[in-house]
1. What angle, in degrees between 0 and 90 and rounded to the nearest 10, separates the Cα long axis of helix 146-165 from the longest principal axis of the Cα atoms of the chain?
2. To the nearest 500 deg cm²/dmol, what mean residue ellipticity at 222 nm is calculated for the chain from DSSP H runs of n ≥ 4 alone, each contributing -39,500 (n - 2.57), summed and divided by the residues?
3. Ranking Thr243, Thr223 by Cβ neighbours within 10 Å, fewest first, what do you get?
4. Separation between the Ser336 and Arg155 pseudo-spin-labels, each 7 Å from Cα along Cα→Cβ, expressed in nm?
5. Please work out how much length the chain gains when fully extended from Ala351 to Glu20, using 0.36 nm per residue of separation minus the C-alpha to C-alpha distance, in nm with one decimal.
6. If each residue of separation counts as 0.36 nm, what is the full-extension length gain between Leu319 and Asp305 once their alpha-carbon separation is subtracted?
7. Mind checking the dipole of the stretch 76-225: about its Cα centre, +1 per Lys or Arg Cβ, -1 per Asp or Glu Cβ, Debye to the nearest 20?
8. Under a GNM of the chain (C-alpha, springs under 10 Å), which listed residue has the highest mean-square fluctuation: Glu99, Glu175, Glu184?
Amino acid sequence: MSLIRLRAEHVRCLERVELEPTDINLIFGENASGKTSLLEAIFILGRGRSFRGPGRSAVIRDGQEILTVSGKIRRSSRDVPVGISIGRDQPPQIRIDGESTEGLAALAEWVPVQIIDPAIHNLVDEGPGVRRRFMDWGVFHVEHRFLDVWRRYHRCMRQRNAALRGAEGQLTAWEEQLAEAAEELAMMRDRYLERLRPHVEAVGERLLDGRPTMEHRRGWPATRSFSEALESSRDRDVRHGITHVGPHRSDITLGLDEKTARGRVSRGQQKLLAATLILGQLTHLIDDVSLRPILLLDDLPAELDKDSLTRVLDVIGTLDAQVFVTALDPGRVELSGPVSVFHVEQGKVRAVV
Ligand SMILES: Nc1ncnc2c1ncn2[C@@H]1O[C@H](COP(=O)(O)OP(=O)(O)OP(=O)(O)O)[C@@H](O)[C@H]1O
Ligand SMILES: [Mg+2]
């Protein structure tokens, strides 16, 4: 699939922009011209949220109430219009192929977008939430039941937490369903990381000096079933009114040459390791589920030294993905193949021929 038309309205400084992207797109312009905002618009079209912090309102152009991003996706020679509007105080409105749709899942299927940006090292260095989101985006694209099970798990956990704080008699009823969903979620994530591993290792060989490792932490001790873990956590759970064990606490321990990466490797190594994970994830989707993803690259030249940049661009050059690259200076990114160039100035975008 490819995004063959994009229209964004009231995304940050962008008033109204329209462009017709091709396979490789280079977006350049001065600081604060709106390059990252343009990538944000594409990301929102696939994820329903920005990659810069959780605040919805911050992304909506000052003085406006609603932002809209729409586009046309070409998949197997069929063009499908997709769009999303986000208001300050209302849930996102989504349209796919002329129909209103609830929830972001359908959009995520049509617009599989991933990003490498200056904050990418967070994937290695921040808390588990970032890594869970990374993992779950991948699982979502390969396991059809994932979203259902994920929702069921969280619904049961909310009910159990309510029961922990009040009527204790209901606890066991929720725990049975919770355990079933928890085991299934953990299994899907396990399976996903097993399938992902060879792809990450292959990209790692080209980008890193050491071997990248990933180990899934399920969110409860590996030696026990989830029911047993719940059982032994129950007293503490009742005291605090929350569930302390489970897939909502799961994580991936990342390593380089068998040593835990977090809090140890340099910032540059964090960035390369994180890029390895993301590019490995995309290679997996391309090779194993025939998905053609959209990859956004924000400010890459500013983040990596020359040699690392060349290596990352080489890997990207071999991916069957649609690519959007921003740069201050178009001369610093060498992209192979025909490139469409767009210039951004004060929130306006113009194709450069
Ligand atoms: N909600 C908003 N409404 C209007 N303008 C905004 C909003 N949020 C951010 N901006 C402004 O949008 C402008 C463009 O920001 P953006 O991050 O897209 O620039 P950029 O081209 O990526 O710059 P850089 O090269 O520094 O990364 C900035 O001046 C920023 O202050
Ligand atoms: Mg920027």
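1. Computed tilt is about 50 degrees.
2. Details: 10 runs with 149 residues, N = 353.
Rounded to the nearest 500, it is -14000 deg cm²/dmol.
3. Details: Thr243 24, Thr223 7.
Going from sparsest to densest Cβ surroundings: Thr223, Thr243.
4. 4.9 nm
5. Working: separation 331, 0.36 × 331 = 119.16 nm, distance 0.86 nm.
Roughly 118.3 nm would be gained on extension.
6. On the way: separation 14, 0.36 × 14 = 5.04 nm, distance 2.14 nm.
Result for the pair: 2.9 nm of gain on full extension.
7. Details: 22 positive and 24 negative charges, 59 e Å.
Computed about the Cα centre, the dipole is about 280 debye.
8. Greatest mean-square fluctuation among the candidates belongs to Glu99.
Values in this text are rule-based calculations from the coordinates and carry no lab data. These figures come from a predicted structure and were not determined experimentally. Virtual Cβ from ideal backbone geometry, glycine too; neighbours counted across all protein chains shown.
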